[in-house]
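No value in this document is a laboratory result; all are computed from the given coordinates. Every value quoted in this text rests on a predicted model; they were computed, and no experiment measured them. Every residue, glycine among them, receives a Cβ derived from its backbone with ideal geometry; neighbour counts consider all protein chains shown.
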Amino acid sequence: MSRIGKLPVAIPAGVTVTIKDNNLVSVKGPKGTLEKQFAKELKIEQKDGEILVTRPNDEIKERSLHGLTRALLFNMVDGVTKGYEKKLEINGVGYRAAKQGKKLTLTLGYSHPVEMEDPDGIETVLDGTNTIIVKGIDKEAVGQFAAEIRSKRGPEPYKGKGIKYADETIRRKVGKTGKK
């Protein structure tokens with residue numbers, strides 16, 4: 001039995017969960033609404049203020065989907081109550097970020113500024129000119145947009161220049177030494 005999959009997902013006050021046919025789950029909370037289609041092999045039911053995920057048998061496909069489905073449901077409930085955020089730091093001389101409306105402009109040492117538009121349901125907030133905070137209710141979308149921002153200029157190992165996650169550590173390398 002899946003150790004994660006058998007745990008119930010508690011539904012906090014102020015959150016409504018609707019389970020429609022074909023496992024289409026809609027979670028509505030104070031921060032917004034999330035909707036996701038889950039695999040039809042599993043049974044998702046709501047009992048006593050909790051969501052339970054059960055599987056019909058122990059085949060490999062059902063076993064692999066069991067814990068995943070429960071974790072995704074937990075992330076949906078957590079997202080509409082608290083929300084998710086990722087913090088990015090920009091390091092380097094002349095590297096900075098600016099925000100105008102929904103447009104994020106990054107100056108990253110290229111010959112042109114890199115412009116990115118906030119996707120639906122995602123908000124970017126600047127803390128100074130060197131810290132970007134990506135916020136939203138969908139954990140997957142927040143992580144994906146943060147990864148796209150980071151990919152514009154990933155951190156390099158010699159001087160540490162580039163965009164990195166706030167909790168990320170960069171393994172530094174030693175540069176060239178002079179000729180003897």
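Annotations
- In degrees, nearest ten, helix 139-151 long axis to first principal axis of the chain (Cα): 20 degrees
- Length gained on full extension, residue 47 to residue 91: 10.9 nm, using 0.36 nm per residue less the C-alpha separation.
- Qualifying chymotrypsin sites (Phe, Trp or Tyr not before Pro) in segment 49-96, DSSP loop, other Cβ atoms within 10 Å at most 10: none
- For segment 112-180, the fraction of alpha-carbon pairs in successive 10 Å shells from zero, as %: 17, 43, 25, 10, 4, 1
- C-alpha long axis of helix 60-81 to longest principal axis of the chain, angle in °: 70 degrees
- Measuring between their Cα centroids, segment 26-44 and segment 45-111 lie 14 Å from each other.
- Placing dummy labels 7 Å off each Cα toward the beta-carbon, the span from residue 33 to residue 177 is 6.5 nm.
- Ranked packing of 107-116, 160-169, most packed first, by mean Cβ within 10 Å: 160-169, 107-116
- Between residue 126 and residue 165, the modelled label-to-label distance comes to 2.5 nm, taking each label 7 Å out from Cα in the direction of the beta carbon.
- Relative to the 2.2 N^0.38 Å rule of thumb, the chain has a C-alpha radius of gyration ratio of 1.34.
- A cut-off under 15 angstrom between Cβ atoms defines the neighbours of residue 34, and their net charge, with Lys, Arg +1 and Asp, Glu -1, is +2.
- Per-residue Karplus couplings for segment 104-112, computed as 6.51 cos²θ - 1.76 cosθ + 1.60 with θ equal to phi - 60°, are listed in order as 9, 10, 10, 9, 10, x, 8, 6, 9 Hz, Gly and Pro entered as x.
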